[in-house]
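The values are calculated or read from the model by the stated rules, or taken from the named source; none is laboratory data. Everything numeric here is computed off the predicted structure, so don't read it as measured data. As a convention, Cβ positions derive from the backbone with ideal geometry for all residues, glycine included, and neighbour counts pool all protein chains shown.
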Amino acid sequence: MKEYIRTADRDGYRSKRELYEDLKRHLNMKQEHTTIEDMLHFWFSEFPKCTELMEGAQDVIEHLKSKQIKLGIITNGAVHTQHAKIDQAGIRPYFDCIVVSDEVGVKKPDRQIFDIALERLNIHPQQTWYVGDHPRNDVHGAREAGLQAVWLEGFMEWDAAIEPPEYVITHLKQLQSYFK
(Lines give C-alpha, C1' and ligand atoms only; values in the text may rest on other atoms or scores of the structure.)
Protein backbone atom coordinates (compact mmCIF):
# COMPACT_ATOMS: atom_id res chain seq x y z
CA MET A 1 0.00 0.00 0.00
CA LYS A 2 2.84 2.47 0.81
CA GLU A 3 4.36 1.89 -2.60
CA TYR A 4 1.01 2.44 -4.29
CA ILE A 5 0.55 5.77 -2.47
CA ARG A 6 4.13 6.90 -3.20
CA THR A 7 3.76 6.08 -6.89
CA ALA A 8 0.27 7.60 -7.12
CA ASP A 9 1.61 10.84 -5.61
CA ARG A 10 4.16 11.15 -8.45
CA ASP A 11 6.88 12.38 -6.10
CA GLY A 12 4.61 15.16 -4.85
CA TYR A 13 3.84 16.50 -8.33
CA ARG A 14 0.24 15.34 -8.45
CA SER A 15 -2.64 17.49 -7.24
CA LYS A 16 -3.68 16.36 -3.78
CA ARG A 17 -7.36 16.35 -4.75
CA GLU A 18 -6.62 14.03 -7.67
CA LEU A 19 -4.40 11.84 -5.47
CA TYR A 20 -7.02 11.49 -2.73
CA GLU A 21 -9.77 10.72 -5.25
CA ASP A 22 -7.52 7.97 -6.64
CA LEU A 23 -6.73 6.59 -3.16
CA LYS A 24 -10.39 6.64 -2.13
CA ARG A 25 -11.28 4.66 -5.29
CA HIS A 26 -8.49 2.09 -5.00
CA LEU A 27 -7.84 1.61 -1.28
CA ASN A 28 -10.06 0.54 1.57
CA MET A 29 -10.34 3.36 4.09
CA LYS A 30 -10.38 2.51 7.79
CA GLN A 31 -12.95 5.25 8.25
CA GLU A 32 -15.23 5.06 5.22
CA HIS A 33 -16.93 8.35 6.09
CA THR A 34 -13.67 10.30 5.54
CA THR A 35 -14.21 12.65 2.61
CA ILE A 36 -11.81 14.06 0.08
CA GLU A 37 -12.34 17.45 1.77
CA ASP A 38 -11.35 15.92 5.14
CA MET A 39 -8.13 14.56 3.63
CA LEU A 40 -7.32 17.86 1.90
CA HIS A 41 -7.92 19.84 5.07
CA PHE A 42 -5.66 17.48 7.04
CA TRP A 43 -2.91 17.62 4.40
CA PHE A 44 -2.85 21.40 4.07
CA SER A 45 -3.02 22.00 7.82
CA GLU A 46 -0.56 19.32 8.97
CA PHE A 47 1.96 18.79 6.17
CA PRO A 48 3.78 22.13 6.59
CA LYS A 49 4.31 21.33 10.29
CA CYS A 50 6.52 18.41 9.23
CA THR A 51 8.96 20.61 7.32
CA GLU A 52 12.62 20.22 8.21
CA LEU A 53 15.62 21.69 6.50
CA MET A 54 17.88 19.19 4.81
CA GLU A 55 21.24 18.58 6.39
CA GLY A 56 23.60 21.51 5.92
CA ALA A 57 20.97 23.94 4.60
CA GLN A 58 21.13 26.37 7.53
CA ASP A 59 24.92 26.54 7.37
CA VAL A 60 24.92 27.16 3.62
CA ILE A 61 22.23 29.84 3.85
CA GLU A 62 24.14 31.62 6.62
CA HIS A 63 27.41 31.31 4.69
CA LEU A 64 25.91 32.81 1.54
CA LYS A 65 24.25 35.65 3.45
CA SER A 66 27.55 36.42 5.19
CA LYS A 67 28.99 36.94 1.68
CA GLN A 68 26.22 39.50 1.00
CA ILE A 69 24.74 37.24 -1.67
CA LYS A 70 21.08 37.83 -2.49
CA LEU A 71 19.01 34.73 -1.91
CA GLY A 72 15.69 33.75 -3.43
CA ILE A 73 13.30 30.85 -3.43
CA ILE A 74 11.27 29.76 -6.45
CA THR A 75 8.82 27.01 -5.57
CA ASN A 76 5.93 25.29 -7.28
CA GLY A 77 2.89 24.76 -5.10
CA ALA A 78 0.02 26.23 -3.16
CA VAL A 79 0.61 29.66 -1.65
CA HIS A 80 -0.46 28.79 1.90
CA THR A 81 1.44 25.49 1.98
CA GLN A 82 4.71 26.83 0.58
CA HIS A 83 4.73 29.90 2.85
CA ALA A 84 3.84 27.74 5.86
CA LYS A 85 6.76 25.40 5.07
CA ILE A 86 9.18 28.33 4.74
CA ASP A 87 7.99 29.73 8.08
CA GLN A 88 8.15 26.33 9.77
CA ALA A 89 11.78 26.02 8.63
CA GLY A 90 12.49 29.50 10.00
CA ILE A 91 14.32 30.68 6.89
CA ARG A 92 12.16 33.57 5.63
CA PRO A 93 14.45 36.30 7.08
CA TYR A 94 17.38 35.07 4.98
CA PHE A 95 15.63 35.44 1.65
CA ASP A 96 15.34 38.60 -0.41
CA CYS A 97 12.68 37.12 -2.68
CA ILE A 98 10.19 34.24 -2.47
CA VAL A 99 8.19 33.33 -5.56
CA VAL A 100 5.41 30.74 -5.22
CA SER A 101 3.96 29.44 -8.49
CA ASP A 102 0.31 29.68 -7.46
CA GLU A 103 0.89 33.26 -6.36
CA VAL A 104 2.24 34.37 -9.75
CA GLY A 105 0.26 32.04 -11.99
CA VAL A 106 3.20 30.29 -13.63
CA LYS A 107 5.19 27.17 -12.65
CA LYS A 108 8.71 25.92 -13.10
CA PRO A 109 10.10 25.08 -15.62
CA ASP A 110 8.46 28.06 -17.39
CA ARG A 111 11.16 30.71 -17.73
CA GLN A 112 8.67 33.40 -16.71
CA ILE A 113 8.79 32.33 -13.05
CA PHE A 114 12.58 32.68 -13.09
CA ASP A 115 12.24 36.08 -14.77
CA ILE A 116 9.87 37.21 -12.00
CA ALA A 117 12.42 36.28 -9.34
CA LEU A 118 15.26 37.95 -11.25
CA GLU A 119 13.24 41.14 -11.57
CA ARG A 120 12.33 41.14 -7.87
CA LEU A 121 15.97 40.59 -6.94
CA ASN A 122 17.11 43.18 -9.50
CA ILE A 123 19.80 40.87 -10.88
CA HIS A 124 20.79 39.49 -14.28
CA PRO A 125 20.46 35.79 -15.09
CA GLN A 126 24.17 35.47 -15.97
CA GLN A 127 25.04 36.50 -12.39
CA THR A 128 22.63 34.03 -10.86
CA TRP A 129 22.97 30.47 -9.64
CA TYR A 130 19.93 28.27 -9.17
CA VAL A 131 20.06 25.07 -7.10
CA GLY A 132 17.37 22.44 -7.46
CA ASP A 133 16.71 18.73 -7.29
CA HIS A 134 14.29 18.32 -10.21
CA PRO A 135 16.00 17.82 -13.59
CA ARG A 136 13.29 19.43 -15.73
CA ASN A 137 11.63 21.93 -13.40
CA ASP A 138 14.77 23.21 -11.74
CA VAL A 139 17.86 22.56 -13.84
CA HIS A 140 16.37 22.72 -17.33
CA GLY A 141 14.06 25.59 -16.38
CA ALA A 142 16.87 27.65 -14.84
CA ARG A 143 19.19 27.05 -17.78
CA GLU A 144 16.46 28.05 -20.25
CA ALA A 145 16.11 31.30 -18.29
CA GLY A 146 19.87 31.93 -18.59
CA LEU A 147 20.86 31.05 -15.01
CA GLN A 148 23.75 28.84 -13.89
CA ALA A 149 21.95 25.68 -12.80
CA VAL A 150 23.20 23.34 -10.09
CA TRP A 151 21.59 19.93 -9.77
CA LEU A 152 21.24 18.59 -6.23
CA GLU A 153 21.53 14.93 -7.15
CA GLY A 154 19.96 12.07 -5.24
CA PHE A 155 16.27 12.89 -5.18
CA MET A 156 15.18 12.28 -8.76
CA GLU A 157 16.61 10.37 -11.68
CA TRP A 158 18.19 12.50 -14.38
CA ASP A 159 15.94 12.80 -17.44
CA ALA A 160 17.99 11.47 -20.38
CA ALA A 161 16.15 13.85 -22.73
CA ILE A 162 17.79 16.81 -20.99
CA GLU A 163 21.40 17.86 -21.53
CA PRO A 164 23.45 16.88 -18.45
CA PRO A 165 24.14 19.70 -16.01
CA GLU A 166 27.51 21.39 -15.75
CA TYR A 167 27.28 21.62 -11.96
CA VAL A 168 26.24 18.66 -9.80
CA ILE A 169 26.30 18.39 -6.03
CA THR A 170 25.19 15.61 -3.72
CA HIS A 171 25.11 17.71 -0.53
CA LEU A 172 24.25 21.37 -0.02
CA LYS A 173 27.51 22.04 1.83
CA GLN A 174 29.31 21.54 -1.48
CA LEU A 175 27.90 24.93 -2.56
CA GLN A 176 30.21 26.69 -0.13
CA SER A 177 33.21 25.82 -2.29
CA TYR A 178 31.65 27.79 -5.18
CA PHE A 179 31.22 30.88 -2.99
CA LYS A 180 34.43 31.32 -0.97
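Okay, here's what the table says:
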| item | result |
| --- | --- |
| Boolean, Val150 is β-branched (Val, Ile, Thr) and in contact with a strand residue (DSSP E or B) (Cβ under 6 Å, 6 or more places away or on another chain) | yes |
| Neighbours by Cβ (under 6 Å, 6+ apart or cross-chain): first from segment 76-102, touching a residue at least 24 places away in the same chain (Cβ under 8 Å) and among the small types (Gly, Ala, Ser); second buried (at least 17 other Cβ atoms within 10 Å of the Cβ) and in a helix (DSSP H, G or I) | Ala84/Pro48 |
| Scope segment 1-53; condition closer than 23 Å to Glu157 by Cβ and within 18 Å of the chain's Cα centre (by Cα); matching residues | Arg6, Asp9, Arg10, Asp11, Gly12, Tyr13, Arg14, Ser15 |
| Of the criteria (1) closer than 28 Å to Lys49 by Cα; (2) loosely packed, with under 15 Cβ neighbours inside 10 Å, which one Ala160 fails | (1) |
| Only one of Lys49, Lys85 that is in contact with a Pro (Cβ under 9 Å, 6 or more places away or on another chain) and basic (Lys, Arg) | Lys85 |
| Condition check for Lys180: out of contact with any Cys (no Cβ under 6 Å at 6 or more places or on another chain), charged (D, E, K, R), in contact (Cβ under 8 Å) with a residue 12 or more places away in the chain and exposed (fewer than 15 other Cβ atoms within 10 Å of the Cβ) | no |
| Residue in segment 104-117 that is buried (at least 20 other Cβ atoms within 10 Å of the Cβ) and in a loop (DSSP other than H, G, I, E, B) present | yes |
| Residue pairs meeting the criteria (Cβ under 9 Å; at least 6 apart or on separate chains; first closer than 11 Å to Lys173 by Cβ and surrounded by 15 or more Cβ atoms within 10 Å (Cβ to Cβ), in segment 58-69; second small (Gly, Ala, Ser) and at pLDDT 95 or above) | Gln58/Ala89; Gln58/Gly90 |
| Helices (runs of 4 or more DSSP H) contained in segment 1-98 and holding at least 3 residues at pLDDT 90 or above and hydrophobic (A, V, I, L, M, F, W, C) | 36-46, 57-66, 79-89 |
